[in-house]
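Okay, structure first, notes after.
The values are calculated or read from the model by the stated rules, or taken from the named source; none is laboratory data. What you see is a predicted model; the values in this text were computed from it and never measured. As a convention, Cβ positions derive from the backbone with ideal geometry for all residues, glycine included, and neighbour counts pool all protein chains shown. Heads up: the accessible areas ignore ligands, DNA and RNA and are worked out on the full protein's heavy atoms, side chains in. Shrake-Rupley method; radii C 1.70, N 1.55, O 1.52, S 1.80 Å.
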Amino acid sequence: MSTHSTGELHQDDEIGREQEYVSMLYDRLDGMRDQAADRLAAELRTTGGTLQARSQRDSAVQMYADQVEQYSAVENGLCFGRLDGGDGSARYIGRIGIFDISGDYDPLLMDWRAPAARAFYLATAANPQGVRRRRHLRTRQRKVTGLNDEVLDLATASPTAHEEVTGEASLLAALNAGRTGRMRDIVETIQAEQDRIIRADLPGVLVVQGGPGTGKTAVALHRAAYLLYTHRQQLSSRGVLLVGPNATFLRYISQVLPTLAETGVLLRTPADLFPGVSARRSEPAETAALKGRAVMTEVLAAAVRDRQWVPDEPLEIELPQRELLTLDPATVREARERVRRSGRPHNLARALFDIEIVHALAAQVAERIGADPLGGENLLSEADLAEIRRELREEPEVRAVLDELWPVLTPQRLLADLYAAPDRIATAAPMLTEAERASLHREPGGWTPADVPLLDEAAELLGEDERAATARRERIRAFEREYAEGVLEIWRGSRSIDVEDEADGGEILGVTDLIDADRLSERQEESERLTTAQRAAADRSWAFGHVIVDEAQELSPMAWRLLMRRCPSRSMTIVGDVAQTGALVGTPSWQEALEPYVARRWRLEELTVSYRTPAEIMAVAAEVLAEIDPALRPPRSVRASGLPPWDRTVEPDRLAVELVEATTREASGLDDGRLGVIVPAGRVAELGAAVTAALPEAAVGEQPELENRVVVLTVGQAKGLEFDSVLVVDPERIVAESPRGHSDLYVALTRATQRLGILRPA
């Protein structure tokens with residue numbers, strides 16, 4: 001394989017010819033937009049009226065808005081490549097597909113995900129796959145700015161070339177370009193080992209293991225786009241969930257899928273996977289690790305059983321106009337055991353418990369008022385007994401006792417009550433040590449990320465009574481019908497006088513002649529219909545068609561349980577690097593994490609080439625990797641930067657001053673790139689304040705803005721991110737303050753694409 005060098009004039013001619021073709025593609029794209037606008041105008045002309053056309057109009061507006069959003073997202077770099085075949089044919093490759101709708105629908109631009117486009121990523125001189133020349137186009141919006149050719153001629157292939165690298169000139173240009181604070185797609189430079197993973201079959205669990213800079217995140221995002229393209233019908237109704245480590249990371253990757261013309265993927269952090277809960281409270285790492293252990297399933301199950309209470313003494317129930325009723329402990333205990341044998345979740349079993357207790361109370365009433373004076377059978381009929389039971393169920397005193405013995409609980413209430421009461425913790429968690437039980441105790445006031453899997457587990461144990469949800473939906477529908485009737489009444493009042501049409505003598509039809517309240521409310525519901533991603537985000541029981549997890553090595557056993565419930569089909573892409581595990585209860589091995597759910601029915605793919613991290617920086621990181629596990633080997637860097645990392649020791653009281661000087665110096669050397677300053681979590685406030693005082697444009701905080709030129713952040717915030725230049729401050733403290741300190745330091749050292757500096761106090 002060789003890169004074809006052309007003279008400056010010859011290349012200008014080639015750029016001009018490519019510009020003509022790219023301009024034609026954008027003309028077609030503009031035409032598609034115009035057609036969408038024409039369809040919108042036609043729908044508005046034909047629907048007529050106002051209220052009765054609302055849902056159609058809103059639907060057309062949404063369709064048009066979606067198309068414009070999709071096309072605008074891919075406008076920058078719409079076309080990026082061309083494949084020339086040995087037969088003289090040419091195929092242009094881009095982010096979306098465009099067809100010649102004026103003819104036979106021949107492809108003018110082939111979507112990168114189409115099978116016929118795969119040769120753009122896989123063809124080599126040894127296996128050209130029918131390709132004579134591969135051309136990489138460089139564009140800026142609609143303008144072609146340059147090109148590189150690869151002639152796939154076995155006779156000219158170099159035995160020393162990177163066998164795993166295609167489009168080397170374009171790849172290196174992308175790697176050396178300045179970062180922007182937002183991740184860019186790699187659709188122009190996907191490599192063969194990445195392409196194989198992106199296009200892997202949908203079913204089953206695929207684990208993608210790769211070291212720093214191997215493109216794991218980019219592969220995961222492009223796999224999401226590929227699966228939605230290839231399995232559109234299957235996945236569009238169920239959706240795809242992509243889980244990232246933190247909100248900063250999700251903001252960093254948020255623009256990749258839209259630029260690939262996909263906007264239907266739900267992005268969430270593990271802290272946001274329980275609808276209605278935003279888990280931002282902090283807690284000690286040891287407590288979070290305890291909550292992540294599988295033993296918490298036993299604790300929660302015991303906590304639920306503990307709420308199914310049996311009193312030590314008889315309970316007296318005083319009813320108006322009735323004699324005193326008594327519930328003895330034995331009756332309650334027998335009722336509880338019978339209901340537990342049903343196997344129903346706690347809240348769904350409440351109805352059975354109510355029946356048992358009400359029947360026991362009704363028997364007392366029947367015995368008193370229906371006893372035969374002569375000692376015979378009870379004189380009350382079954383209908384009489386049914387009426388007594390009905391009346392007892394409606395008594396507030398009876399309802400209060402039932403709520404005390406078997407309360408209907410939400411996951412939030414169960415967990416908050418458990419944490420707030422040491423005696424409840426002691427009852428539910430005898431298997432824990434005294435210190436562990438003490439660490440669970442806390443006062444109410446928000447949720448931590450480690451609480452989210454426990455809330456989800458509690459929801460499974462408690463269950464939700466569908467009757468209550470159905471009744472709630474019916475109340476909403478009744479309100480909407482009532483509201484719609486009010487709207488129509490107002491319209492009737494304003495149109496009470498019929499007006500004769502002078503031309504034909506007919507009456508002008510009003511809205512109330514064309515639509516009633518039920519239909520109006522139904523159309524209102526249609527106009528407010530949610531997308532698949534929106535519905536999935538609000539539904540805890542939603543089953544996704546595919547789940548992608550990035551930085552999966554950070555997941556606890558309890559978090560794995562939650563994710564497996566979200567994907568019963570076990571169609572998943574798991575992306576991570578066990579050498580970078582920072583959480584105390586994170587994943588030690590993929591086998592250990594997955595075996596409880598899929599046994600050995602999962603497949604492993606490895607990314608072995610680091611595209612982000614230069615060889616000079618990887619050599620420094622390799623020393624830390626050996627501290628984690630001498631058997632581990634770092635990925636092989638595809639390039640060298642020519643900039644050796646520097647390591648400086650300073651006096652402790654001079655650390656902040658030296659950091660400001662180093663930050664100012666590094667920032668001044670950046671053109672359009674970004675500088676990441678990674679500091680120990682315990683010093684982020686102190687050192688962040690020093691940096692921002694000298695450089696007001698620097699960002700620092702819980703969710704720092706990555707588009708700022710300088711960003712001060714912790715290792716946890718830096719996971720999955722990359723910067724042109726990185727300063728790692730006080731590495732010894734980073735190691736000391738973390739449960740897996742060397743793994744955290746390994747992460748910090750491998751965030752840079754160009755330069756690395758280390759500042760350490762003496």
>> Any residue at all in the stretch 586-602 that's assigned to a helix (DSSP H, G or I), surrounded by fewer than 17 Cβ atoms within 10 Å (Cβ to Cβ) and β-branched (Val, Ile, Thr)?
In response: yes
> Can you pull out the residues in the stretch 234-247 that are in a helix (DSSP H, G or I), under 17 Å from Thr573 (Cα atoms) and open to solvent by 40 Å² or more (accessible area, probe 1.4 Å)?
Replying inline: Gln234
>> Among the numbered criteria (1) within 24 Å of the chain's Cα centre (by Cα); (2) under 28 Å from Ala349 (Cβ atoms), which one does Ser278 miss?
In response: (2)
> Which ones in the stretch 613-630 are in a loop (DSSP other than H, G, I, E, B) and either among the hydrophobic types (A, V, I, L, M, F, W, C) or surrounded by fewer than 22 Cβ atoms within 10 Å (Cβ to Cβ) (or both)?
Replying inline: Asp629, Pro630
> For Arg113, all conditions in the list (1) under 27 Å from Gly146 (Cβ atoms); (2) part of a helix (DSSP H, G or I); (3) modelled with pLDDT of 70 or more hold save one; what is the number of the exception?
Replying inline: (2)
>> Test of understanding: among Leu267, Leu250, Leu315, Leu327, which residue is at pLDDT below 95, surrounded by fewer than 17 Cβ atoms within 10 Å (Cβ to Cβ) and in contact with a strand residue (DSSP E or B) (Cβ under 9 Å, 6 or more places away or on another chain)?
In response: Leu315
> Any idea which of Ala450, Ala428, Ala459, Ala435 is touching a Gly at 6+ places or on another chain (Cβ under 9 Å) and at pLDDT 90 or above?
Replying inline: Ala450
>> Just the residues that are open to solvent by less than 40 Å² (accessible area, probe 1.4 Å), part of a helix (DSSP H, G or I) and under 11 Å from Ala302 (Cβ atoms), please, taken from the stretch 412-437.
In response: Leu418, Ile425, Ala428
> Tell me, which helices (runs of 4 or more DSSP H) lie completely within the stretch 682-762 with 3 or more residues that are surrounded by fewer than 16 Cβ atoms within 10 Å (Cβ to Cβ), in contact with a helix residue (DSSP H, G or I) (Cβ under 8 Å, 6 or more places away or on another chain) and of a type in the set (D, E, K, R)?
Replying inline: none
> Looking at (1) of a type outside the set (A, V, I, L, M, F, W, C); (2) in a loop (DSSP other than H, G, I, E, B); (3) farther than 22 Å from His742 by Cβ, which is the one condition that is false for Arg633?
Replying inline: (3)
> Could you say which residue among Thr230, Thr214 is out of contact with any His (no Cβ under 8 Å at 6 or more places or on another chain), of a type in the set (S, T, N, Q) and within 25 Å of Thr750 (Cβ to Cβ)?
Replying inline: Thr214
>> Please go through the stretch 203-215 and give me each residue that is in a loop (DSSP other than H, G, I, E, B), in contact with a helix residue (DSSP H, G or I) (Cβ under 6 Å, 6 or more places away or on another chain) and closer than 20 Å to Arg238 by Cβ, ordered by number.
In response: none
>> Just to be sure I understand the filter: pairs with C-beta atoms under 6 Å, separated by 6 or more residues or on different chains, first member in the stretch 307-335 and touching a residue at least 40 places away in the same chain (Cβ under 8 Å), second member open to solvent by 10 Å² or more (accessible area, probe 1.4 Å) and hydrophobic (A, V, I, L, M, F, W, C). Which pairs pass?
In response: Ile317/Val401; Glu318/Leu324; Leu327/Leu315; Val332/Val310
> When you scan the stretch 636-657, how many residues do you find that are in a loop (DSSP other than H, G, I, E, B) and either among the hydroxyl-bearing types (Ser, Thr, Tyr) or open to solvent by 80 Å² or more (accessible area, probe 1.4 Å) (or both)?
Replying inline: 3
>> Going by what's in this entry, would Gly701 be described as at pLDDT below 90 and on the phi > 0 side of the Ramachandran plot?
In response: yes
>> Going residue by residue through the stretch 223-245, is there one that turns out to be without any contact (Cβ under 8 Å) to a residue 24 or more places away in the chain and out of contact with any helix residue (DSSP H, G or I) (no Cβ under 9 Å at 6 or more places or on another chain)?
In response: yes
